[in-house]
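Here's the structure we're looking at; comments come further down.
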Amino acid sequence: MEAISALRRSVAVSLVAWSAYAVAADDLFLQQSPGKNNPVDIDQWRRGEDRHGLKPYPPAPPGTPNPPGGLFQFGGSGATSFGSPDLGMPFSEWRSKMQKQRPAVDRAARAVLESRFALDCKSDPSVRMSGGKPQPLGPSAKLPRGVKSWEDYNAQAPEKIRQSGTFPYLPLDHPLHSTAHMLFPAQWTRVHPEHERFDVGFDIPDCYLPEFPPPMYLTTHPELGDVTRGVEITYGNYFNMMNGILSPEQLDGLRLLVTPFQTTWFNVTHHRVTPEPSEGVTCFSCHVNGHTNGALELAPDSRPNYARLRVDTPTMRGNHSQLIFSSKRSLRSMDHFAEIEEYFDGDTTMLAAIGGRTLQRPNTNHVGDFNAILDFPPAPKLDPLNRLIPERASESELRGEKLFAGKAQCAACHLPAAQFTDNSMHDLQVERFYPGRAEGAIKTFPLRGIKDSPPYLHDGRLLTLEDAVEFFDLILQTRLSAEEKKDVTAYLRAL
């Protein structure tokens with residue numbers, strides 16, 4: 001008892017001392033920050049925001065159609081960082097309003113794509129993804145009128161392109177950026193109609209998306225090849241398919257990846273975009289079979305909602321080779337990413353209001369355990385250090401490899417021996433080519449198996465590998481010839 005009494009006296013003395021320190025520290029802060037005594041006029045303070053010539057974001061409650069011209073013309077802060085589970089109207093009214101305006105929303109999104117791209121779905125039967133789907137061929141972006149070739153266009157200075165307003169690879173917005181959230185392509189909703197939204201449809205045609213369902217490759221069983229053999233892994237079949245292949249921890253991680261959880265707009269409340277109450281989505285609803293089906297979302301890393309960048313679902317293949325995760329936040333482990341996956345758009349208030357996904361550390365560790373064995377697809381033309389084997393490669397691919405490491409400057413960020421990434425982030429400064437908001441640094445994504453992951457760049461604005469090569473030739477000002485670009489593209493398909 002005496003020991004307990006002494007401990008209590010010690011704690012009391014410590015609290016008194018801390019209280020005195022806090023008061024003194026607060027007094028010092030007040031002296032250094034006179035605004036504490038005279039609260040800032042927040043409206044006046046916001047009016048002084050320097051947006052570098054960009055327009056302020058307009059008010060956009062959920063369901064507001066995208067403004068003409070693209071959201072890259074806006075910048076700065078918004079009214080709040082938080083969402084609300086209250087729609088401000090009965091669900092029946094919300095649903096009716098969104099259904100009536102959806103045709104116009106979908107037409108506007110399609111018009112954006114058609115103004116920039118020739119959506120002709122070109123392909124070649126000999127150029128296929130790992131599971132057999134023909135890969136789209138490009139470039140799909142339209143050259144400005146009067147320009148004879150990409151080589152002529154890419155030879156222009158960034159300032160000239162900016163002034164002409166002809167940059168072909170402008171950022172892509174979510175088709176309904178105000179509501180945003182997960183948006184699934186037609187190839188998914190045909191099989192999973194429960195994820196068809198009544199407010200907006202997917203914009204990019206299926207021919208420019210990954211195959212469905214995609215193969216799954218495991219580092220622990222390379223001899224099995226595609227362990228799914230063309231079957232989509234779901235909660236109903238995962239155990240029987242993977243029992244005897246995965247360890248118990250990996251099996252539990254896979255269980256969580258195929259378990260539906262409620263999300264901001266896919267749930268049982270009235271705050272939803274499905275006609276009927278929804279069980280939610282699974283991780284594999286976007287990352288189907290540990291890869292991707294091309295579903296899109298908005299990155300949860302900033303506010304206001306309009307400041308969030310559209311993000312195309314990346315593959316989870318080869319996560320074992322990455323040291324940072326998420327496009328802009330530089331998360332440092334798969335376990336951490338599993339804890340905060342974007343079911344509630346980075347908004348913990350929505351999680352508290354709608355509920356549905358609070359995992360403990362052992363759960364997220366198990367998810368990380370499974371993620372860590374998802375492998376890249378086979379690349380029979382590469383040696384153990386990811387160099388082309390000359391006897392297996394074509395002359396074009398061999399020339400492309402030299403260009404990749406040299407003139408094209410690709411290997412400056414995409415290091416071959418490190419699975420074609422540098423585990424870093426880079427700012428491409430794309431705003432040099434158009435008047436708009438800077439997008440800032442984005443992580444370097446691995447290029448192993450890149451032929452399986454169209455469309456490209458974080459928001460899918462590069463529909464084909466040919467577009468990706470044209471984009472970086474322009475951004476890096478490498479001045480590749482038409483033949484050199486064909487060679488680089490051939491090399492990328494060999495990865």
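Scanning the range 311-341 for residues that are in a helix (DSSP H, G or I), in contact (Cβ under 8 Å) with a residue 60 or more places away in the chain and in contact with a strand residue (DSSP E or B) (Cβ under 9 Å, 6 or more places away or on another chain) yields a count of 1. Scanning the range 391-439 for residues that are among the hydroxyl-bearing types (Ser, Thr, Tyr) and in contact with a helix residue (DSSP H, G or I) (Cβ under 9 Å, 6 or more places away or on another chain) turns up 394, 396, 421, 434. Evaluation of residue 263 against the conditions (1) modelled with pLDDT under 95; (2) open to solvent by 30 Å² or more (accessible area, probe 1.4 Å) shows that the sole unmet condition is (2).
Every condition in (1) without any contact (Cβ under 8 Å) to a residue 40 or more places away in the chain; (2) open to solvent by less than 30 Å² (accessible area, probe 1.4 Å); (3) not small (Gly, Ala, Ser) holds for residue 152 except the one numbered (2).
Per the conditions (1) part of a loop (DSSP other than H, G, I, E, B); (2) modelled with pLDDT under 95; (3) within 22 Å of residue 456 (Cβ to Cβ), the sole criterion not satisfied by residue 146 is (3). When residue 356 is tested against the conditions (1) in a helix (DSSP H, G or I); (2) open to solvent by 20 Å² or more (accessible area, probe 1.4 Å); (3) in contact (Cβ under 8 Å) with a residue 12 or more places away in the chain, the lone failure is (1).
Apart from one condition, residue 274 fits all of (1) touching a residue at least 40 places away in the same chain (Cβ under 8 Å); (2) open to solvent by less than 20 Å² (accessible area, probe 1.4 Å); (3) β-branched (Val, Ile, Thr); (4) under 22 Å from residue 315 (Cβ atoms); the exception is (4). Filtered by the rule that a residue be acidic (Asp, Glu), more than 18 Å from residue 139 (Cα to Cα) and not in a helix (DSSP H, G or I), the range 85-121 gives a lone residue, 86.
The condition (being modelled with pLDDT of 95 or more, closer than 28 Å to residue 227 by Cα, open to solvent by 30 Å² or more (accessible area, probe 1.4 Å) and touching a strand residue (DSSP E or B) at 6+ places or on another chain (Cβ under 8 Å)) is satisfied by just one residue among 373, 389: 389. Inclusion of residue 130 among residues that are outside any helix (DSSP H, G or I) and under 17 Å from residue 466 (Cβ atoms) is not warranted. Looking at the range 301-309, can you tell me whether even one residue there is open to solvent by 30 Å² or more (accessible area, probe 1.4 Å), touching a residue at least 24 places away in the same chain (Cβ under 8 Å) and not in a loop (DSSP other than H, G, I, E, B)? Looking for residues that are open to solvent by 30 Å² or more (accessible area, probe 1.4 Å), touching a residue at least 24 places away in the same chain (Cβ under 8 Å) and not in a loop (DSSP other than H, G, I, E, B), one finds at least one in the range 301-309, hence yes. Scanning the range 431-454 for residues that are aliphatic (A, V, I, L, M) and more than 30 Å from residue 127 (Cα to Cα) returns 438, 441. When the range 212-240 is filtered for residues that are touching a residue at least 40 places away in the same chain (Cβ under 8 Å), over 22 Å from residue 313 (Cβ atoms) and not in a helix (DSSP H, G or I), the ones remaining, listed by number, are 220, 225.
The values are calculated or read from the model by the stated rules, or taken from the named source; none is laboratory data. What you are looking at is a predicted structure, and each value in this text was computed from that prediction instead of being measured. With ideal geometry, Cβ positions are generated from the backbone for all residues, glycine too; neighbour counts draw on all protein chains shown. For accessibility, only protein heavy atoms count, side chains too; no ligands or nucleic acids. Shrake-Rupley method; radii C 1.70, N 1.55, O 1.52, S 1.80 Å.
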